[in-house]
Amino acid sequence: VHVEGLLRNKGAEVVTVEGSTTVADALQTMATRRVGALVVSADGSAVDGIVSERDVVWGLADRGAGLLGETVATIMTRDVVTCGMATTVDQLSTMMTEGRMRHVPVVVDGALAGIVSIGDVVKDRLRELEAETQSLHEYISHGR
Ligand code: AMP
């Protein structure tokens, strides 16, 4: 399965914020949209950075509660690892494990085209394993 297949199920929508958004507002957006990371983008298409729950936790530990009034630009990761439509679920697994990141934005021709989370990858793996188990069961019980 490729990223294209994953997005067919979950859609292309990505929740983005501008770099000037306060950390407090970004947390509100994460809570109401039920996501763990936001792509930081000035125009909703170019990826300027990514900010996840973890950046907020690290920022709070580092700077204290005053962080909430600061901008997401001060805590976001600027060097964003992205993928394309043809990236495989296997490749995503490796990227997420080795890079210790649970989110990978999808970029097509320089424009944001979706986002894949570790949950999407795990869901697809489970579906694949279940299909494989079922065909093995059928093979064992019917020999086909
Ligand atoms: P996460 O596991 O996605 O919550 O993110 C853990 C850390 O990796 C945070 O510092 C994020 O800003 C960063 N991060 C998340 N996704 C990416 C990505 N696709 N590329 C680079 N860094 C990322």
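The values are calculated or read from the model by the stated rules, or taken from the named source; none is laboratory data. Because the structure is a prediction, the values reported are computed rather than measured. Using ideal geometry, Cβ is built from the backbone for each residue, glycine included, and neighbour counts are taken over all protein chains shown. For accessibility, only protein heavy atoms count, side chains too; no ligands or nucleic acids. Shrake-Rupley method; radii C 1.70, N 1.55, O 1.52, S 1.80 Å.
Of the residues in region 110-144, how many are surrounded by fewer than 10 Cβ atoms within 10 Å (Cβ to Cβ) and of a type in the set (S, T, N, Q)?
Here the count works out to 1.
Do we find that GLY5 is within 26 Å of ALA131 (Cα to Cα) and exposed (fewer than 15 other Cβ atoms within 10 Å of the Cβ) in this structure?
The answer is yes for GLY5.
Would you check which residues across region 8-20 are within 15 Å of the ligand (Cβ to nearest atom) and surrounded by fewer than 19 Cβ atoms within 10 Å (Cβ to Cβ) and list them?
So the first thing to find is which residues in region 8-20 are within 15 Å of the ligand (Cβ to nearest atom), and the list is 14-17, 19.
Correct list: VAL15, GLY19.
Quick check on ARG125: is it over 20 Å from ALA42 (Cβ atoms), within 13 Å of the chain's Cα centre (by Cα) and of a type in the set (D, E, K, R)?
Considered against the rule, which asks whether it is over 20 Å from ALA42 (Cβ atoms), within 13 Å of the chain's Cα centre (by Cα) and of a type in the set (D, E, K, R), ARG125 comes out as no.
With the requirement that a residue be in a loop (DSSP other than H, G, I, E, B), free of Cβ contacts under 8 Å to residues at least 60 places away in the same chain and of a type in the set (S, T, N, Q), what does region 59-92 give you?
Correct list: THR82 only.
Condition first: under 16 Å from VAL23 (Cβ atoms), in contact with a helix residue (DSSP H, G or I) (Cβ under 7 Å, 6 or more places away or on another chain) and not β-branched (Val, Ile, Thr). Now tell me which residues in region 60-88 satisfy that.
Scanning region 60-88 gives LEU60, LEU67, LEU68, GLY69, GLU70, MET76.
For region 45-58, how many residues meet the condition of being more than 8 Å from the ligand (Cβ to nearest atom) and either in contact with an Asp or Glu (Cβ under 9 Å, 6 or more places away or on another chain) or assigned to a strand (DSSP E or B) (or both)?
Result for region 45-58: 1.
Is it the case that region 28-37 has a residue that's buried (at least 20 other Cβ atoms within 10 Å of the Cβ), modelled with pLDDT of 95 or more and touching a strand residue (DSSP E or B) at 6+ places or on another chain (Cβ under 7 Å)?
Yes, the conditions are met somewhere in region 28-37.
In region 47-85, how many are more than 24 Å from ILE118 (Cβ to Cβ) and either open to solvent by less than 40 Å² (accessible area, probe 1.4 Å) or within 13 Å of the chain's Cα centre (by Cα) (or both)? Please lay out each step first, then the result.
At the first step, the residues of region 47-85 found to be more than 24 Å from ILE118 (Cβ to Cβ) are 62-71, 73-74.
Filter once more, so that each one left must be either open to solvent by less than 40 Å² (accessible area, probe 1.4 Å) or within 13 Å of the chain's Cα centre (by Cα) (or both): 64, 67, 73.
Of the residues in region 47-85, 3 are more than 24 Å from ILE118 (Cβ to Cβ) and either open to solvent by less than 40 Å² (accessible area, probe 1.4 Å) or within 13 Å of the chain's Cα centre (by Cα) (or both).
Could you please let me know if THR94 is of a type in the set (S, T, N, Q) and either open to solvent by less than 40 Å² (accessible area, probe 1.4 Å) or farther than 25 Å from GLU128 by Cα (or both)?
no
What is the residue count in region 23-46 for residues that are more than 21 Å from CYS83 (Cβ to Cβ) and over 14 Å from the mean Cα position of the chain (by Cα)?
10
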